Amino acid sequence: MSAPPSVFGSRAVIAAAAALGLGLIGYALFSRQTDEERIADVMTQLEKAVGFESPPNPLTHAGALRGRFADLVAPDVLVDVPERNLIARGRDDLTRLAVAGTVRMQSFDVTFTLENLTVDGDTAKASAEVLTEITQGSEPRMSSRKADLEFVKADGDWLLSAAHVVEADDE
């Protein structure tokens, strides 16, 4: 004797729900970003944080940078740009120098192109090409630099901990 149709229907619904649940669990477990992807995302967020299309108010710009750097940059970050005789130690110093460096600009855009990345536990080292486009006056000016970057993992988040930036020809 066969079971009533409602029993087969409820079994099919339960099986479909179980399959869907297992699929969602598998997706959640296996679709997490890798450390490399998360570091690349930090670099993209830094591009967005420092770039602007029209001259920002320096006080507003400093506040916005300070907030973004809190999420993307280690508290004791060290940024060294020898050609500009610039060394920033810590988030506040980096914010101050970033705002001072962009005061006379109409626009600023930066793009990091990751060339090499090595993750070792909770630290990572990367090399990147840094392309900038600056507008001062009416003419945009583009330049290329090389950067050696270091990252640390703090509370599960990757943060920029050091950057050494040189002209592309200085390698």
Residue match in region 8-17 (condition: at pLDDT 85 or above, surrounded by 10 or more Cβ atoms within 10 Å (Cβ to Cβ) and either closer than 30 Å to Gly156 by Cα or of a type in the set (Phe, Trp, Tyr) (or both)): no
Check whether at least one residue in region 99-113 is surrounded by fewer than 14 Cβ atoms within 10 Å (Cβ to Cβ) and either touching an Asp or Glu at 6+ places or on another chain (Cβ under 6 Å) or assigned to a helix (DSSP H, G or I) (or both), and report yes or no. yes
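Got a sec? Which of Val130, Val166, Val81 is farther than 30 Å from Arg32 by Cβ and surrounded by 17 or more Cβ atoms within 10 Å (Cβ to Cβ)?
Val81
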Could we say that Val130 is under 17 Å from Leu46 (Cβ atoms) and either out of contact with any Asp or Glu (no Cβ under 8 Å at 6 or more places or on another chain) or part of a strand (DSSP E or B) (or both) here? yes
Which numbered condition Ala40 misses (of (1) surrounded by 16 or more Cβ atoms within 10 Å (Cβ to Cβ); (2) more than 14 Å from Arg96 (Cα to Cα); (3) touching a Ser or Thr at 6+ places or on another chain (Cβ under 8 Å); (4) small (Gly, Ala, Ser)): (3)
Hey, among Leu86, Leu94, Leu59, which residue is of a type outside the set (S, T, N, Q), in contact with a Phe, Trp or Tyr (Cβ under 7 Å, 6 or more places away or on another chain), more than 18 Å from Asp155 (Cα to Cα) and without any contact (Cβ under 8 Å) to a residue 40 or more places away in the chain? Leu94
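The values are calculated or read from the model by the stated rules, or taken from the named source; none is laboratory data. These numbers were taken from a predicted model, which means no experiment stands behind them. When we count neighbours, we look across all protein chains shown, and the Cβ atoms used for this are built from the backbone with ideal geometry, even at glycine.
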